[in-house]
Amino acid sequence: MDHFLYRDGVLHAEDVPLPAIAAAVGTPVYVYARATLTRHYRLFAEALDGLPHLICYAVKANGNLAVLKLLGDLGAGMDVVSGGEYARARAAGVPGSRIVFSGVGKTRAEMAQALAGGIRQFNVESEPELEALSEVAAGLGVEAPVALRLNPDVDARTHPKIATGGAETKFGIPMGQAVAVYTRAAALPGIRPVGLDLHIGSQLTDLAPYEQAYLRLAGLTRAMRAEGHRIDRLDLGGGLGIPYTRSNAVPPLPSEYGALVRRIFGDLDCEIEIEPGRLIAGNAGILLAAAIYVKPGAQRRFLILDAAMNDLIRPTMYDAHHDIVPVQEAAPGAETLPYDVVGPVCETGDIFARDRALPAMAPGDLVAFRSAGAYGAVMASEYNARPLVPEVLVDGDHFAVIRARPTFDAMLARDTIPEWLGPPGACAEPTGGADA
């Protein structure tokens, strides 16, 4: 259940009609349902109940401070991949003891930031990173808790751009090198090895790749313990997929995923960490947009929206599908027409869908992009000098703006014209006159 349902012919977010949000905030705008975020987090908590565990929400999926605060208050830890995400998690009130720092390119400044502010562990992805972290931690006179991120060379059966567990990706340490690197970590000053980590990709809709990777991890854990290595934590990554279209097969449920985890790791006496992002936030949000024009082409019909690729880049970047539905529910049996749904950005690639069946649309009509709560707002930009899309959080029958749309003045104020260019004003004529 995603808490975006029609009532009396109008699409609502929980108990709030979406036209009310459009009238108050304008479009395009992201709208999130608190009830869905809460429900999805609790599904994971229930799936792992009885196992020592920490659910570390993947901040990269949706990093709004209100979303992080909501999940942190429910008990979530955070999985971060940059100093900025770390700062967001801390600003939302999440203690450092519940934050894991992942990513292949951690800088020394980011390492020092996390060590000073508190950190549960660094998921280290290479020997050079391990050496750098040792130098930073030893220089600060502290110990850095470390889990080695391993690459199990497993095909995640997902989009190539979001598959991370294959041998030729940039992520992780080959499993064959795990013992040597873990041994090296234990000998380095400022490093305290605590466990192993893996993450094979995102938007997985089948448990088989997880089972393959997890069995390898469990076997390696037993073998390393037999050699005297202490392994207290196993970070299993995230990546469980969501249904982006109502016609898709339903991906595995958190309860099914939890049963797999119990079966493979239940007897290892390790604390389990998981890093879900999309499954918690994806169906908890929609992108609300308005039609500007319906433009007839030579052979196609274009629905031009006020939302664009800079607001939701997944269709352009991944050829991703989002269900697009009218906010005003079509009458039963109403005729549909094929539309190419596009945005106003000056790029041919600014297209959300081709030949999408929708009821007859007119300028001003509202549409909602479903399943847009993850990798939507966080990947948005101000391309074409379009203001960054705002975000709204709904709670029952009320809502709050949790990120405002910037004004043009605010956008312009971020730039600086050097004094040596002179003050802003009428531009000088080009050399040779206006007609040159």
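Go through the residues of segment 112-130 one by one and say whether even a single one is part of a helix (DSSP H, G or I), out of contact with any His (no Cβ under 8 Å at 6 or more places or on another chain), among the polar types (S, T, N, Q) and more than 24 Å from A178 (Cα to Cα).
Just the residues of segment 112-130 that are part of a helix (DSSP H, G or I), to begin with: 112-117, 127-130.
Among the residues that remain, those that are also out of contact with any His (no Cβ under 8 Å at 6 or more places or on another chain) are: 112-117, 127-130.
Imposing the further condition that a residue be among the polar types (S, T, N, Q) reduces the set to 113.
Add one more test, that the residue is more than 24 Å from A178 (Cα to Cα), and what stays is 113.
Checked segment 112-130: at least one residue is part of a helix (DSSP H, G or I), out of contact with any His (no Cβ under 8 Å at 6 or more places or on another chain), among the polar types (S, T, N, Q) and more than 24 Å from A178 (Cα to Cα).
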- Query: Taking the stated definitions as given, is S82 of a type in the set (S, T, Y), closer than 25 Å to G376 by Cα, touching a residue at least 12 places away in the same chain (Cβ under 8 Å) and out of contact with any Gly (no Cβ under 8 Å at 6 or more places or on another chain)?
  - Reply: no
- Pair list, Cβ < 6 Å and 6+ apart or interchain, from segment 34-56 residues that are more than 27 Å from H12 (Cα to Cα) to residues that are in a helix (DSSP H, G or I): A47/P254; A47/S255; A47/G258; L48/G258; I55/F44
- Item | Residue in segment 389-397 that is modelled with pLDDT of 95 or more and surrounded by fewer than 17 Cβ atoms within 10 Å (Cβ to Cβ) present | yes
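How about segment 97-111: which of its residues are of a type in the set (A, V, I, L, M), surrounded by fewer than 20 Cβ atoms within 10 Å (Cβ to Cβ) and assigned to a helix (DSSP H, G or I)? It would help to see each step written out before you state the result.
Step one: filter segment 97-111 for residues of a type in the set (A, V, I, L, M), giving 99-100, 104, 109, 111.
Right, trim to surrounded by fewer than 20 Cβ atoms within 10 Å (Cβ to Cβ) and you get 104, 109.
Selection gives A109 alone.
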- Does A320 qualify as being at pLDDT below 95, among the aliphatic types (A, V, I, L, M), in contact with a Lys or Arg (Cβ under 8 Å, 6 or more places away or on another chain) and surrounded by fewer than 20 Cβ atoms within 10 Å (Cβ to Cβ)? yes
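Please verify whether segment 326-348 includes one or more residues that are closer than 30 Å to A45 by Cα and crowded, with 19+ Cβ neighbours inside 10 Å. Step through it out loud before you land on a result.
Keep residues of segment 326-348 that are closer than 30 Å to A45 by Cα, which gives none.
No: zero hits.
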- Message: When you check A404 against the structure, is it among the small types (G, A, S), surrounded by fewer than 19 Cβ atoms within 10 Å (Cβ to Cβ) and in contact with a Pro (Cβ under 9 Å, 6 or more places away or on another chain), yes or no?
- Response: yes
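Any chance you could count how many residues in segment 77-108 are of a type in the set (A, V, I, L, M, F, W, C), modelled with pLDDT of 95 or more and closer than 28 Å to P174 by Cβ?
Filtering segment 77-108 down to residues of a type in the set (A, V, I, L, M, F, W, C) leaves 78, 80-81, 87, 89, 91-92, 94, 99-101, 104.
Filter again for modelled with pLDDT of 95 or more, leaving 78, 80-81, 87, 89, 91-92, 94, 99-101.
From the residues that got through so far, the ones that are closer than 28 Å to P174 by Cβ too are 78, 80-81, 99-101.
Summing the residues that are of a type in the set (A, V, I, L, M, F, W, C), modelled with pLDDT of 95 or more and closer than 28 Å to P174 by Cβ in segment 77-108 gives 6.
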- Kindly establish whether A298 is out of contact with any helix residue (DSSP H, G or I) (no Cβ under 8 Å at 6 or more places or on another chain), closer than 25 Å to M309 by Cα, among the aliphatic types (A, V, I, L, M) and loosely packed, with under 14 Cβ neighbours inside 10 Å. yes
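Output the residues belonging to segment 131-171 that are part of a strand (DSSP E or B) and modelled with pLDDT of 75 or more. Working first, answer last.
Of segment 131-171, the ones part of a strand (DSSP E or B) are 144-151, 163.
If the condition is that a residue be part of a strand (DSSP E or B) and modelled with pLDDT of 75 or more, then A144, P145, V146, A147, L148, R149, L150, N151 are the ones that fit.
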- Message: Quick test of your reading of the structure: P28 fulfils all but one of (1) closer than 23 Å to L312 by Cβ; (2) surrounded by fewer than 23 Cβ atoms within 10 Å (Cβ to Cβ); (3) at pLDDT 95 or above. Name the failing condition by number.
- Response: (2)
- Might you let me know whether segment 192-204 holds any residue that is within 25 Å of A87 (Cα to Cα), at pLDDT 95 or above, among the charged types (D, E, K, R) and surrounded by fewer than 21 Cβ atoms within 10 Å (Cβ to Cβ)? yes
- Query: Among the residues of segment 235-258, which ones are touching a residue at least 60 places away in the same chain (Cβ under 8 Å) and among the hydrophobic types (A, V, I, L, M, F, W, C)?
  - Reply: I242, L253
- Query: Picking from I280, I286, I274, which residue would you name as being buried (at least 24 other Cβ atoms within 10 Å of the Cβ) and either among the charged types (D, E, K, R) or in contact with a Cys (Cβ under 8 Å, 6 or more places away or on another chain) (or both)?
  - Reply: I274
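Based on this model, can you work out whether T183 counts as at pLDDT 80 or above and either farther than 19 Å from L268 by Cα or small (G, A, S) (or both)? Spell out how you get there, then give the answer.
Numbers: at pLDDT 80 or above: yes; either farther than 19 Å from L268 by Cα or small (G, A, S) (or both): yes.
Yes: the conditions hold for T183.
Is there a residue being over 27 Å from N123 (Cβ atoms) and not assigned by TED's automatic domain parsing to the domain that holds D323 anywhere in segment 40-60?
Just the residues of segment 40-60 that are over 27 Å from N123 (Cβ atoms), to begin with: none.
No, there is no match, as no residue in segment 40-60 is over 27 Å from N123 (Cβ atoms) and not assigned by TED's automatic domain parsing to the domain that holds D323.
The values are calculated or read from the model by the stated rules, or taken from the named source; none is laboratory data. It should be emphasised that the depicted structure is a prediction, and the values quoted were computed from it without experimental measurement. For neighbour counting, all protein chains shown are included, and Cβ atoms are generated from backbone atoms with ideal geometry for every residue, glycine included.
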